[in-house]
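Worksheet for the structure shown next.
The values are calculated or read from the model by the stated rules, or taken from the named source; none is laboratory data. The structure displayed is predicted, hence computed values, not measured ones. Every residue, glycine as well, gets a Cβ built from its backbone with ideal geometry; the counts of neighbours run over all protein chains shown. Accessible surface is based on the protein model in full, side chains and every heavy atom, while ligands, DNA and RNA are left aside. Shrake-Rupley method; radii C 1.70, N 1.55, O 1.52, S 1.80 Å.
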Amino acid sequence: MATIRFNALQETLNRVPVLVEEKERRSQLYAKYVFNEKAMLQYMTAEAYRSVRDAVEFGHKIDRKIADQIAVSMKDWALSKGATHYTHWFQPLTGSTAEKHDAFFETIEGGNAMELFDGGKLVQQEPDASSFPHGGIRNTFEARGYTAWDPTSPAFIYDTTLCIPTVFVAYTGEALDNKTPLLRALQAVDDAATAVCKYFDKNVTKVSATLGWEQEYFLIDKALAASRPDIMMTGRTLLGHASAKGQQLDDHYFGSIPTRILNFMRDLEQECMLLGIPVKTRHNEVAPNQFEVAPIFEEANLAVDHNSLLMDLMKKVSQKHNFKVLFHEKPFKGINGSGKHNNWSLSTNTGVNLLSPGKTPMKNLQFLTFFVNTIKAVYEYEELIRASIASAGNDHRLGANEAPPAIISVFIGSQLSQVLDELENVTKGKLSPKEKTDLKLNIIGKIPEILLDNTDRNRTSPFAFTGNKFELRAVGSWSNCAGPMTVLNTIIAKQLKDFKVEVDKLVDGKGLKKDEAVFNVLREYIKASKDIRFEGDGYGDSWEKEAKKRGLSNHRTTPEALKAKISDKNIAVFEEMKVMNRVELEARHEIELEEYAKRIQIESRVLGDISRNHVIPTVIQYQNTLIENVKGLKEIFGNDYQKYASEQIDLIKRISNHIVEINSMIEDMTDQRKKANKLSGQKNAEAYCNKVKPYLEDIRYHVDKLELLVDDNLWPLTKYRELLFTK
Ligand code: ADP
Ligand code: MG
């Protein structure tokens with residue numbers, strides 16, 4: 001008997017839902033453990049409060065004496081909430097979050113002790129972080145890293161620890177984390193977008209990027225997950241024959257949320273509320289045991305922090321409910337994978353969403369400006385966007401017959417396409433009063449109505465306009481949103497900066513009116529960026545052909561896609577927008593290639609182990625039973641035995657053939673790994689991608705065939721039907 005598997009099933013079937021009570025309204029729980037405006041006003045002096053606000057709004061430096069005051073207020077607040085420790089919370093390039101806890105507790109004279117915290121500890125810390133990835137930046141002894149307080153994301157208390165969001169940088173200034181480049185990109189887009197906004201409204205002094213992510217995930221019973229070494233080690237199933245029933249009936253999507261899951265969701269949502277993560281939506285997803293959680297959108301830096309924090313929380317809360325949460329982009333073959341849609345827009349300090357048309361012709365022209373510039377930016381830097389979402393896990397989605405394709409394109413709907421088509425005919429240079437009126441009233445004037453009934457949705461598009469925001473759907477469920485958000489905001493900043501230069505040139509040089517100049521530049525942008533717009537089915541072969549003709553990239557694998565991160569053109573845009581320099585980009589590129597290779601390496605090792613040490617011994621055991629059976633039949637029937645034993649003999653042969661194939665492929669795969677390990681960087685990642693990875697599927701094929709041949713009682717690995725349907 002396959003003890004682990006059957007014990008796990010038994011344990012799962014015996015589960016009693018962990019009850020979750022809701023004693024307080026969500027609105028009362030909201031941000032209780034966040035050192036937000038309300039808490040600051042209550043605990044801080046007016047001077048200290050002003051100083052934090054100035055740092056947040058204008059990036060002003062906080063004076064050391066004031067920092068001391070702020071630290072004391074923060075500590076008092078934290079102690080009042082039961083905190084005992086503090087930590088600098090940051091997002092190193094490992095893709096998760098890092099923290100080292102220190103107690104507030106200090107000993108003082110006379111054998112006494114008290115809780116202490118000062119500005120120095122608030123503002124800067126040096127984590128013992130030599131093991132965080134740095135891509136060679138910190139190779140020299142001098143170039144150590146430190147964390148520095150990011151006042152734009154409020155401190156919060158998790159459990160009994162005050163968590164202070166920080167950036168992680170080398171003493172030589174290079175970013176070592178996900179947040180630093182993001183903050184720089186947000187600054188760049190603020191500068192560029194604010195300058196453009198001034199054409200339309202002089203009161204705009206700040207533009208913030210907004211992000212509303214939608215997080216997809218799977219929940220599997222803890223015991224079932226633990227019974228599968230592949231899930232535990234790699235986050236996905238490397239083996240497992242498809243179950244007879246999968247997602248073909250769509251019954252999970254439309255069914256009610258199961259009780260155990262609902263309790264987990266409630267618990268998670270309440271924890272989110274306390275930490276100020278404004279989660280709002282929960283539902284079943286298409287695949288069995290797949291779900292989604294989404295918040296109200298927020299300023300992008302905060303939203304990124306909140307997504308990282310959410311993923312941490314999900315791991316902890318799922319444990320409590322006897323689940324394991326799977327963030328992998330493709331945990332089950334043949335079943336939908338998970339993504340993380342990034343809904344993105346720009347919003348002004350005057351409360352205007354720049355990707356939402358307004359009531360006046362001027363507001364509509366402003367909308368159009370940001371809309372067209374976004375499309376143009378994506379056109380210019382589609383490869384960089386593709387690179388920003390590349391990972392070993394996401395390769396299973398992108399370009400693998402699943403939403404969305406590896407080709408980046410923009411969907412805007414047929415009606416907006418029509419508007420852009422008409423705008424291509426705008427007269428060059430000065431416009432007649434009639435043309436101007438016609439444009440403003442009849443062409444772009446129609447946009448608000450169009451968007452009201454914009455039901456034109458295309459689920460296959462990786463970058464779709466959805467009425468008042470763009471939705472980047474290609475992000476992997478496991479990734480940190482900071483990567484794609486850094487790229488998107490950087491390229492938009494660059495595009496808006498160039499736009500302003502061109503418009504100013506027409507106004508100052510050619511004497512055009514501002515609106516005329518805007519129309520003129522937009523016309524050219526619409527023409528130039530047409531090839532990135534695609535309204536059809538993104539999955540079909542015909543789109544691949546068409547995209548190739550258009551010159552769009554189609555990088556199916558991570559090592560291929562990542563190259564764009566260090567192309568001269570893309571390094572130039574990061575350097576120009578002061579987001580990252582060549583050293584930082586090359587370091588990141590190296591880290592990502594290495595991470596890719598390591599993931600495939602681990603998968604390959606785990607698969608070798610499971611096949612050799614779990615599957616083959618079981619299969620031989622079963623084969624021996626068959627052999628005994630055949631021998632017995634021979635004893636009874638003599639020469640006639642073949643008549644009765646033919647099925648068994650056939651099975652014995654088939655099993656042997658599969659074993660031979662599996663063993664020889666494991667040998668070959670191991671040899672390929674050895675060869676790959678002698679290489680480094682791009683070559684190493686490519687070897688893992690092209691020489692090692694194919695064996696994963698090939699070996700799986702034979703193991704999955706064996707699963708169908710062998711006595712169910714003996715099969716050691718929890719089966720797909722059990723993982724997906726046992727509740
Ligand atoms: P769906 O895409 O599933 O139809 P919605 O359109 O309601 O759902 O929104 C999806 C996500 O988009 C939500 O997380 C929401 O917070 C986010 N969102 C809405 N408006 C904006 C915006 N202006 N900027 C960024 N995100 C937004
Ligand atoms: Mg959506």
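Remarks
- Scanning segment 479-519 for residues that are part of a loop (DSSP other than H, G, I, E, B) and either touching a strand residue (DSSP E or B) at 6+ places or on another chain (Cβ under 8 Å) or under 22 Å from VAL207 (Cβ atoms) (or both) yields SER479, CYS481.
- Test: residue in segment 440-462 that is open to solvent by less than 10 Å² (accessible area, probe 1.4 Å), touching a strand residue (DSSP E or B) at 6+ places or on another chain (Cβ under 6 Å), within 16 Å of ligand 2 (Cβ to nearest atom) and modelled with pLDDT of 95 or more: no
- Every test in (1) open to solvent by 10 Å² or more (accessible area, probe 1.4 Å); (2) within 16 Å of ligand 2 (Cβ to nearest atom); (3) touching a strand residue (DSSP E or B) at 6+ places or on another chain (Cβ under 8 Å) is passed by LYS315 save one, and that test is (2).
- Of all residues in segment 150-187, exactly one satisfies the criterion of being farther than 17 Å from PRO484 by Cβ, open to solvent by 10 Å² or more (accessible area, probe 1.4 Å), of a type in the set (A, V, I, L, M) and in contact (Cβ under 8 Å) with a residue 40 or more places away in the chain, namely VAL167.
- Enumeration of residues in segment 276-308 that are charged (D, E, K, R) and modelled with pLDDT under 95: ARG282, GLU285
- Condition met for ASN663 (in contact (Cβ under 8 Å) with a residue 12 or more places away in the chain, open to solvent by 30 Å² or more (accessible area, probe 1.4 Å), closer than 30 Å to LYS693 by Cβ and within 42 Å of the chain's Cα centre (by Cα)): yes
Here's the yes/no breakdown for (1) within 16 Å of ligand 2 (Cβ to nearest atom); (2) among the aliphatic types (A, V, I, L, M); (3) farther than 17 Å from LEU309 by Cα:
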| residue | (1), (2), (3) |
| --- | --- |
| HIS241 | no, no, yes |
| GLN248 | no, no, yes |
| THR259 | no, no, yes |
| GLU269 | no, no, no |
| LEU275 | no, yes, no |
| HIS283 | yes, no, yes |
| GLN290 | yes, no, yes |
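- Being more than 16 Å from ligand 1 (Cβ to nearest atom) and touching a Phe, Trp or Tyr at 6+ places or on another chain (Cβ under 7 Å) holds for only one residue in ASN322, ASN307, ASN289, and it is ASN289.
- Counting only helices (runs of 4 or more DSSP H) that sit completely within segment 1-103, those holding 3 or more residues that are more than 30 Å from VAL710 (Cβ to Cβ) correspond to 26-29, 37-43, 46-58, 64-80.
- If you filter segment 448-478 down to residues that are part of a helix (DSSP H, G or I) and hydrophobic (A, V, I, L, M, F, W, C), you find that the one that is farthest from VAL304 (Cα to Cα) is ILE450.
- Identity of the residue in segment 276-302, over 17 Å from CYS481 (Cβ atoms) and aliphatic (A, V, I, L, M), that ends up most open to solvent (accessible area, probe 1.4 Å): VAL286
- Residues satisfying the stated conditions in segment 695-727, i.e. of a type in the set (S, T, N, Q) and open to solvent by less than 30 Å² (accessible area, probe 1.4 Å): THR718, THR726
- Any chance LYS678 is crowded, with 18+ Cβ neighbours inside 10 Å and of a type in the set (Lys, Arg): no
- Boolean, VAL692 is more than 26 Å from ILE4 (Cβ to Cβ), open to solvent by less than 70 Å² (accessible area, probe 1.4 Å) and touching a residue at least 60 places away in the same chain (Cβ under 8 Å): yes
- Among the residues of segment 5-62, those that are aliphatic (A, V, I, L, M) and more than 33 Å from the chain's Cα centre (by Cα) comprise LEU41, MET44, ALA46, ALA48.
- Extreme residue, farthest from ligand 1 (Cβ to nearest atom), among residues of segment 189-211 that are open to solvent by 10 Å² or more (accessible area, probe 1.4 Å) and within 24 Å of ARG473 (Cβ to Cβ): SER208
- Verdict on LEU268 being open to solvent by less than 10 Å² (accessible area, probe 1.4 Å) and in contact (Cβ under 8 Å) with a residue 24 or more places away in the chain: yes
Each row is one residue, and each column tells you yes or no for (1) assigned to a helix (DSSP H, G or I); (2) among the basic types (Lys, Arg).
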position: LYS569; (1), (2): yes, yes
position: VAL579; (1), (2): no, no
position: ALA597; (1), (2): yes, no
position: PHE637; (1), (2): yes, no
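- Filtered by the rule that a residue be modelled with pLDDT under 90 and either under 25 Å from LEU488 (Cα atoms) or acidic (Asp, Glu) (or both), segment 136-168 gives ILE137, GLU142.
- The residues listed here are SER477, SER542, SER432; of these, the one that is within 16 Å of ligand 2 (Cβ to nearest atom) and assigned by TED's automatic domain parsing to the domain that holds CYS197 is SER477.
- Just one of the listed residues (ASN343, ASN336, ASN322) is in the same structural domain as ALA294 (by TED's automatic domain parsing), within 16 Å of ligand 2 (Cβ to nearest atom), under 30 Å from ARG228 (Cβ atoms) and of a type in the set (S, T, N, Q), and it is ASN336.
- Qualifying residue in segment 491-499 (condition: crowded, with 23+ Cβ neighbours inside 10 Å, β-branched (Val, Ile, Thr), under 18 Å from LEU355 (Cβ atoms) and within 16 Å of ligand 1 (Cβ to nearest atom)): yes
- Restricting attention to segment 213-239 and to residues that are under 30 Å from ASN353 (Cβ atoms) and open to solvent by 10 Å² or more (accessible area, probe 1.4 Å), the residue that is farthest from ligand 1 (Cβ to nearest atom) turns out to be GLU216.
- ALA400 being assigned by TED's automatic domain parsing to the domain that holds ASP537, more than 21 Å from ALA209 (Cβ to Cβ), within 24 Å of the chain's Cα centre (by Cα) and more than 16 Å from ligand 2 (Cβ to nearest atom): yes
- Test: residue in segment 422-434 that is of a type in the set (Asp, Glu) and open to solvent by 20 Å² or more (accessible area, probe 1.4 Å): yes
- Across segment 463-490, the qualifying residues are those that are of a type in the set (Ser, Thr, Tyr) and either under 29 Å from GLU575 (Cβ atoms) or within 13 Å of ligand 1 (Cβ to nearest atom) (or both), and the one among them that is modelled with the lowest pLDDT is THR466.
- Each residue in segment 695-725 was checked for being closer than 17 Å to PHE6 by Cβ and either of a type in the set (Asp, Glu) or under 34 Å from the mean Cα position of the chain (by Cα) (or both), and 12 of them qualify.
- When GLY351 is tested against (1) within 16 Å of ligand 1 (Cβ to nearest atom); (2) on the phi < 0 side of the Ramachandran plot; (3) open to solvent by 30 Å² or more (accessible area, probe 1.4 Å), exactly one condition is not met: (2).
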